[in-house]
1. Which members of the range 116-125 meet the condition of being crowded, with 18+ Cβ neighbours inside 10 Å and either assigned to a loop (DSSP other than H, G, I, E, B) or touching a helix residue (DSSP H, G or I) at 6+ places or on another chain (Cβ under 6 Å) (or both)?
2. Could you please find all residues in the range 402-417 being within 27 Å of residue 290 (Cα to Cα) and in contact with a helix residue (DSSP H, G or I) (Cβ under 6 Å, 6 or more places away or on another chain)?
3. Check whether at least one residue in the range 391-413 is at pLDDT 95 or above and under 23 Å from residue 277 (Cβ atoms), and report yes or no.
4. Before we move on, is residue 173 more than 19 Å from the chain's Cα centre (by Cα) and either at pLDDT 95 or above or part of a loop (DSSP other than H, G, I, E, B) (or both)?
5. In the range 353-389, what residues are surrounded by 20 or more Cβ atoms within 10 Å (Cβ to Cβ) and under 16 Å from residue 411 (Cα atoms)?
6. Can you go through 379, 336 and tell me which one is assigned to a helix (DSSP H, G or I) and not assigned by TED's automatic domain parsing to the domain that holds residue 279?
7. Go through the range 146-170 and report how many residues are without any contact (Cβ under 8 Å) to a residue 12 or more places away in the chain and in a strand (DSSP E or B).
8. Any idea which of 156, 108, 112 is under 21 Å from residue 93 (Cα atoms), under 18 Å from the mean Cα position of the chain (by Cα) and surrounded by fewer than 19 Cβ atoms within 10 Å (Cβ to Cβ)?
């Protein structure tokens with residue numbers, strides 16, 4: 001990574017500008033002796049004098065413009081860095097409501113305690129104002145700060161493939177953020193997870209500190225998408241399940257997993273095609289937060305608002321190409337053997353009519369305030385977790401959703417939620433049935449977290 005001080009070395013110090021313009025000045029016409037002047041010579045000299053003035057002015061202008069060129073280059077780097085910060089969704093973790101920009105304090109609950117994001121403003125006491133650019137690279141790629149190893153809540157396990165140039169631009173951008181004297185919140189990790197030295201062993205076991213390697217068998221767009229998804233956007237940090245040590249299970253990359261109390265869905269190519277995603281609908285979702293497959297919510301809502309909505313359409317197309325895999329654009333049909341009995345169909349339809357049809361339509365066709373169910377990703381998803389969560393908890397109103405969806409935790413039993421879910425999944429999702437046990441497990445998860453209250 002190029003040092004900021006080295007980047008600002010002016011070419012005049014190397015003799016490149018000075019030498020060039022000195023030669024121009026040296027070649028200017030010489031002044032003639034006074035006693036040799038005649039009327040015609042006077043005109044010639046006046047013309048020569050004007051020519052001299054013009055050439056000196058041009059030389060000085062060239063020196064002036066060359067003097068600001070490093071600043072212009074730095075401005076370009078800062079703007080590129082701003083885009084990298086959007087792509088990496090820095091705001092999602094380092095901003096909190098009511099806090100200063102990038103001052104940290106966001107809580108990450110883990111089975112071993114809570115980790116808090118840190119202040120990454122240029123403040124010299126609480127932020128990264130004393131970091132060198134080399135320190136910054138080490139944090140981003142290895143999770144090692146000047147004060148010791150970081151917990152893998154910091155996605156260095158994805159950022160290690162980010163290029164030198166992107167890290168350099170991001171570093172330049174972060175230097176322009178107003179310094180905040182907001183103190184960092186102390187982590188509350190239990191023993192032995194609170195011993196930072198043990199994180200060195202974690203890195204040895206789970207950090208693959210390698211560069212991004214393009215796949216020569218894939219398109220340029222696919223590789224750009226892979227770089228964004230696997231690196232900067234660090235999608236796997238949420239959508240890849242984790243092992244007992246809280247490391248991503250790379251053998252199940254992007255196959256889904258619980259994030260707090262919401263399920264980050266399976267976004268592998270086969271599963272996405274089973275749900276009917278296309279490049280166009282994927283780009284729509286990332287760019288606007290809604291598409292034929294539904295509306296984003298929870299953590300994905302923040303990812304769209306803070307990150308994906310700021311990316312270029314070319315980059316969003318690249319992401320869609322990678323996730324759907326540009327070598328296979330056929331729909332993957334799901335083989336389903338489950339069928340509703342007459343009783344299940346009757347009970348499920350009655351529950352749907354009473355609880356859902358007012359917004360989603362009698363035949364699940366949707367309305368201006370609720371998505372159609374026949375193309376809805378949560379209905380078509382192999383894993384039913386989010387459908388159950390939404391029925392129990394509802395969906396809050398946001399900048400993207402027109403109306404909130406109410407939760408039915410208080411009014412529907414586990415058995416009724418099974419009947420309703422199966423009616424929806426088999427009527428519009430070509431899917432498998434769910435069980436009472438699955439509903440009860442998710443209900444208990446939401447009760448334990450306080451996201452819902454016990455039914456009266």
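The values are calculated or read from the model by the stated rules, or taken from the named source; none is laboratory data. None of these values were measured; they are calculated from a predicted model. Cβ sites come from the backbone with ideal geometry, for glycine too, and all protein chains shown count toward neighbours.
1. 117, 118, 119, 120, 121, 122, 123
2. Filtering the range 402-417 down to residues within 27 Å of residue 290 (Cα to Cα) leaves 402-409, 417.
Correct list: 407, 408, 409, 417.
3. Within the range 391-413, one or more residues are at pLDDT 95 or above and under 23 Å from residue 277 (Cβ atoms).
4. Answer is no for this residue.
5. Of everything in the range 353-389, those that are surrounded by 20 or more Cβ atoms within 10 Å (Cβ to Cβ) and under 16 Å from residue 411 (Cα atoms) turn out to be 356, 388, 389.
6. Numbers: 336 fails: assigned to a helix (DSSP H, G or I).
None of the others qualify; the one that does is 379.
7. The qualifying residues number 0.
8. Values: 156 fails: surrounded by fewer than 19 Cβ atoms within 10 Å (Cβ to Cβ); 112 fails: under 18 Å from the mean Cα position of the chain (by Cα).
Every option except 108 fails the conditions.
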